[in-house]
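Nothing in this text is a laboratory measurement; each read-out follows from the coordinates by a stated rule. Predicted, not measured: the structure shown is a model, and the values here were computed from it. Every residue, glycine among them, receives a Cβ derived from its backbone with ideal geometry; neighbour counts consider all protein chains shown.
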């Protein structure tokens, strides 16, 4: 089996990385950062996000395994003191996996002839940094509403527990191959109206955002794709849909999604 180790730069993480690297060599695994079959991330969800974007063009042939060196994350199943058990699981691997939906983001820029395509594991947002953002929202090619406010967020099911949840979005199980549109600080009064509720959109539909701003004001827009930011690029249109690609995790000991949600947001206090 070809293995790649992807780790952050924290001291504790680097210690675990070196320990794991030695054990992989001792057990005759092949360390291959260019074309791995399994990518083991060490750190937290942020580290796994970085690994996902680094290997985004190889998703068909890669499975991910997350080792956390802090708090349990939504993508990291193994603790740093369980690497011996992880290696045993890798040695008995038979290709088992679980996969999650991704977000396909197609961005049109005023100064570029061809749109740019991105993939998001968690979410994508569109905001305006200095003033109110005015954007027409289309669903399935039909105009749905004209949004006025701070911004809009489109998230995957696994990303629904992140920024989406903090702005009032619903938590969605990753077995549902959908995307979610959530408003950020919308303006609603007698003149301006929006749905003011999260929308769950099926994989058969798509969401298109068309900023209704001057050319100069469009350069004030800020686009985020997971933890990556794109600013001052003159965005004219963004199309979102559920991606054909999926991310796969090696399923040795995959924690139930609702157990993750309970552990992250409720803990042991539910009985008090």
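As a check on your grasp of the helix formula, calculate [θ] at 222 nm for the chain: sum -39500 (n - 2.57) over DSSP H runs of n ≥ 4, divide by the residue count, round to the nearest 500.
Values: 6 runs with 52 residues, N = 272.
One gets -5500 deg cm²/dmol as the mean residue ellipticity at 222 nm.
Give the Debye-formula value of log10 I(q)/I(0) at each listed q (0.08, 0.16 Å⁻¹), with one equal scatterer per alpha carbon of the chain, two decimals each. Debye output, listed in q order: -0.38, -1.18.
Of all DSSP beta bridges confined to the chain, the antiparallel ones make up roughly 75%.
Remark: relative contact order (segment 8-83) = 29 percent; criterion is Cα-Cα distance under 8 angstrom and separation of 6 or more residues. Compared with the dominant principal axis of the Cα atoms in the chain, helix 45-54 is inclined by about 80°. With N residues in segment 101-245, what two-decimal value do you get for its Cα radius of gyration over 2.2 N^0.38 Å? Dividing the Cα radius of gyration by 2.2 N^0.38 Å gives 0.96. Dividing the mean sequence gap of close Cα pairs (under 8 Å, 6+ apart) by how many residues the chain holds gives a relative contact order of 20 percent.
Taking the longest Cα principal axis of the chain as reference, the axis of helix 11-26 is set at about 50 degrees. For segment 1-96, the spherically averaged projection of the C-alpha convex hull amounts to 5.6 nm². Each of 176, 133, 199 has some number of other Cβ atoms within 10 Å of its Cβ, and from fewest to most they run 176, 199, 133.
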